[in-house]
Amino acid sequence: MNGVLPVPATAAAIAAAAARLRDGELVVFPTETVYGLGADATSERAIAAIFAAKGRPRFNPLIVHVADIDAAGAIAEVDDRARLLAARFWPGPLTLVLPRRSDAMISRLVSAGLDTIAVRAPNHPVAQALLRAAALPVAAPSANLSGQLSPTRAEHVAAGALAWRVAMILDGGPCPVGVESTVIDMRGPTAALLRPGGVPAEAIAAVVGTLAGTAMAKGAAPPSPGMLSRHYAPSRPLRLNATAAGPGEALLAFGPDAPADAAFNLSPRGDLREAAANLFAMLHRLDRPGVAAIAVMAVPEAGLGRAINDRLRRAAASGDDDDFDRGPAAPCILPDLEDGPS
Ligand code: TXA
Ligand code: MG
């Protein structure tokens, strides 16, 4: 027995996928960052199906995908600062957390009961065509089971359990950016980085002046409910800042000085863009029998390196980390607390 097989994202396939979305079904589609598990953001039932399919805790809200700034303005309060960032980085790997418009026709489950909404306009021709054909705001988390590695190729989705739970998988080839969008909280007087991602934090700071960091006190409710320590994880242990592979380990190298026995090199020339694009696909390939653990060389903590290191640190966090099994600690402003990572 098989799950749904990926179909090439032709115009006809995109039209069929749009119809499935309008019927409240789940569709996997490519974005420039990772593959998304999409559903009609206005349908409570369709959104509930996303949480069920992923095994995602309901306190972790979803990003709503729109074609452009006008569509964002129909569901969220877009102020001048947000408009400036959107003008500079949309369509692209930037998600803005904005106040939800009181008349927004968006499922409450999407934003986990918060009065905010996370929106982004993806920069991928298939995602753009799908959003325009469906003429709906589309909620889409990464198309992986909760806590697992994000998919950057249609095959990653087809190989997993989600393939049994969706109506269609649109294949648009490898995702060019390879790490998820940067998430910025735009509500306070200072914009705050909630998740490093495909737009370097430095580039955002250059537009808005200062960007508050993410320092998260242990035990405090995370500002972004998705900021659970363990996340994006292969099933094998991951060792950071390695310089060589230990016994049973496969080495994921970075840069020109890699040992000759490295399994893969994120970027032999030390290019962070190339490394981000390769990150999840290489982790997927190393997460296999015969590999006891994955050792990863250090990646510089700047630009896209921040997003790469964020994903690697979360993947390496031990399973009994306090956030992993219990979710954010009290006091928790979010309803319907369940166990587990996103
Ligand atoms: O690149 C991406 O962003 C991909 C592609 C598919 O667009 N999507 C993605 O979604 O990574 P997901 O669900 O894996 O991550 C969404 C992140 C989580 O960390 C979540 O907590 C945060 O965005 N988020 C969503 N809505 C929020 C809100 N209202 N306030 C704060 N954080 C929010
Ligand atoms: Mg995800």
Query raised in the report: What number of residues within the range 146-164 satisfy the criterion of being out of contact with any strand residue (DSSP E or B) (no Cβ under 6 Å at 6 or more places or on another chain) and either more than 16 Å from ligand 2 (Cβ to nearest atom) or in the same structural domain as L279 (by TED's automatic domain parsing) (or both)?
Result: 4
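Here's the yes/no breakdown for (1) part of a helix (DSSP H, G or I); (2) near ligand 1 (Cβ under 9 Å from one of its atoms); (3) touching a strand residue (DSSP E or B) at 6+ places or on another chain (Cβ under 7 Å); (4) of a type in the set (S, T, Y):
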residue	(1), (2), (3), (4)
P91	no, no, no, no
P99	no, no, yes, no
R132	yes, no, no, no
N144	no, yes, no, no
Query raised in the report: Out of curiosity, is A140 surrounded by fewer than 20 Cβ atoms within 10 Å (Cβ to Cβ) and either of a type outside the set (S, T, Y) or in the same structural domain as L286 (by TED's automatic domain parsing) (or both)?
Result: no
Report task. Look through the range 113-130, keep the residues that are crowded, with 22+ Cβ neighbours inside 10 Å and part of a loop (DSSP other than H, G, I, E, B), and return whichever of them is farthest from ligand 2 (Cβ to nearest atom). Result -> A121
Query raised in the report: Would a scan of the range 90-103 turn up a residue that is buried (at least 21 other Cβ atoms within 10 Å of the Cβ), closer than 24 Å to L266 by Cβ and in contact with a helix residue (DSSP H, G or I) (Cβ under 8 Å, 6 or more places away or on another chain)?
Result: yes
Query raised in the report: Looking at the range 234-305, what strands (runs of 3 or more DSSP E) fall wholly within it and have at least 1 residues that are acidic (D, E) and surrounded by 18 or more Cβ atoms within 10 Å (Cβ to Cβ)?
Result: 249-253
Report summary line: Quick count over the range 146-170, residues being farther than 22 Å from G198 by Cα, in a loop (DSSP other than H, G, I, E, B) and not aliphatic (A, V, I, L, M), is 2
**Report entry** Failed criterion for E180 (all others in (1) part of a helix (DSSP H, G or I); (2) surrounded by 22 or more Cβ atoms within 10 Å (Cβ to Cβ); (3) of a type in the set (D, E) hold)
**Finding:** (1)
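Which residue is nearest to L149 (Cα to Cα), if the candidates are limited to the range 1-50 and must be of a type in the set (S, T, N, Q) and in contact (Cβ under 8 Å) with a residue 60 or more places away in the chain?
T33
Restricting attention to the range 26-45, which residues are within 16 Å of ligand 2 (Cβ to nearest atom), of a type outside the set (F, W, Y) and surrounded by 24 or more Cβ atoms within 10 Å (Cβ to Cβ)?
The answer is L26, V28, P30, T31, T33, V34, G36, L37, G38, A39.
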Report summary line: Filtering the range 115-130 down to residues that are in contact with a strand residue (DSSP E or B) (Cβ under 8 Å, 6 or more places away or on another chain), over 17 Å from A192 (Cα atoms) and among the aliphatic types (A, V, I, L, M) yields A121, V126, A127, L130
**Report entry** Residue count, the range 68-83 (criterion: assigned to a loop (DSSP other than H, G, I, E, B) and buried (at least 22 other Cβ atoms within 10 Å of the Cβ))
**Finding:** 1
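The values are calculated or read from the model by the stated rules, or taken from the named source; none is laboratory data. Bear in mind the structure is a predicted one, so any value in this text is a computation, not a measurement. Glycine gets a Cβ as well: all are built from the backbone with ideal geometry, and neighbour counts include every protein chain shown.
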